[in-house]
Structures are given as C-alpha cells and as structure tokens.
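The values are calculated or read from the model by the stated rules, or taken from the named source; none is laboratory data. Source: prediction; values computed, not measured. We place every Cβ from the backbone using ideal geometry, glycine too, and count neighbours over all the protein chains shown. Keep in mind that these areas ignore ligands, DNA and RNA; they rest on the heavy atoms of the full protein, side chains included. Shrake-Rupley method; radii C 1.70, N 1.55, O 1.52, S 1.80 Å.
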Amino acid sequence: VLRAMGEGVIVVGLDEQLMSFNPAAAQILGLAADATAVDCQAFDEAGRALSPAERPWSHALRGQSVRGTTLRVVLRDGHERWVRINADPIRFREGDTHGVVATVADVTDERAALDELRKERSRLRLMTDAVPAVLFEHVEHATGTRFSFMGPGIEQLIGVSAEAVLADAQRFWAAVH
C-alpha cells in the first residue's frame, strides 16, 4: 500500500533519523535510497527558513500532532517544491513517543495555480480601480440578490463601501432610485 501511494510517508526515529520512507516520499523530498535524514532546506509560507527543531516531525517528536503545514523545500539538487505535511507521534498503548510518522504531499502545482490566481485578481483590481465608474457582478438567486463583485467606485456614488454592499446587497438597492 505504501509503495503504491502518491503521497509520501516517512517514519522518523527519536534521533530524528529516517527509519523508513516510501517511493513517493523519496521522489517528493529528493531522498536517496540510503538516506538517513531529510536533507533539504525548509521555509514557511512567509519565506522564513526553519531550523531543524521547527520542522513538523520535530514538533511531533515533542508530542504535538501537526496538520496541514505547508512548506517550501529546496532539495539538494536545487529544485524547489511546495509540500503539505501531517505528522503524528508514534505511541504504543498511550505510552512514550517512539518516533513519528509523517505524510508529505507535493502541492507545487496547486501553489502555482493559487499564485497565478492572485496575480490575475491583482491585475483585475488595478483595472477596476482605474475605471471611473461602478463595475459589479450581480447574481440573482431564488433566495435573493447578491453581488459577487463590487468595484470601489460604489463608495463615491452612494457613500457605501464595496465591502458593505457585498455583505448586504440591500445597501445598494436602497440607494438606487
């Protein structure tokens, strides 16, 4: 099962050395077949380098489960990847921690798509801010009316912010004659 998985699985011992890993983990983290450690640089989403003690499996060794931590890793060969990691301490019958099992998913493509979406939204925002009018997208539902987009020009026109109109469409309709 572990060999067939697309998600990486690593097992880390108390000494923070790799005890085991599946082929997906080797591919995602650039691990050699005889690797004894995850040998890459890790950065948080803000770009800050993580110390070895801040890595998710280190937190799990201290008894703290880690869920959905997204990191940028730079592999030994210089390639960069974005990964999402979950890590849990290995305990037997509520006893001491014996190591950590962690899953690693490559989310590089997902991250690139999100970055591109942010850039597109930023360009759209620049264009709508430059238009001397009110641009909006209005949606009619069986349950009522709502705006899915409202340009910032609305505030100059009716004295109500775009955010307020998005939260309550009636603020717009009350001002329209």
q = 0.13 Å⁻¹: log10 I(q)/I(0) that the Debye formula gives for the chain, counting C-alpha atoms only
-0.73
When the chain is fully extended, how far beyond the present Cα-Cα distance does Ala112 get from Met5, taking 0.36 nm per residue of separation?
36.2 nm
Simple spin-label estimate for Ala164 and His98 in nanometres, 7 Å along Cα-Cβ
6.2 nm
Just by accessible area at a 1.4 angstrom probe, what is the order of Asp15, Asp44 from largest to smallest?
Asp15, Asp44
Mean 1/r over all different Cα pairs, inverted: what Kirkwood radius does the stretch 115-171 give, in Å?
12.1 Å
Using θ = phi - 60° and the Karplus form 6.51 cos²θ - 1.76 cosθ + 1.60, what ³J(HN,Hα) does each residue of the stretch 17-24 get, whole Hz, x for Gly and Pro?
8, 5, 9, 6, 7, 8, x, 5
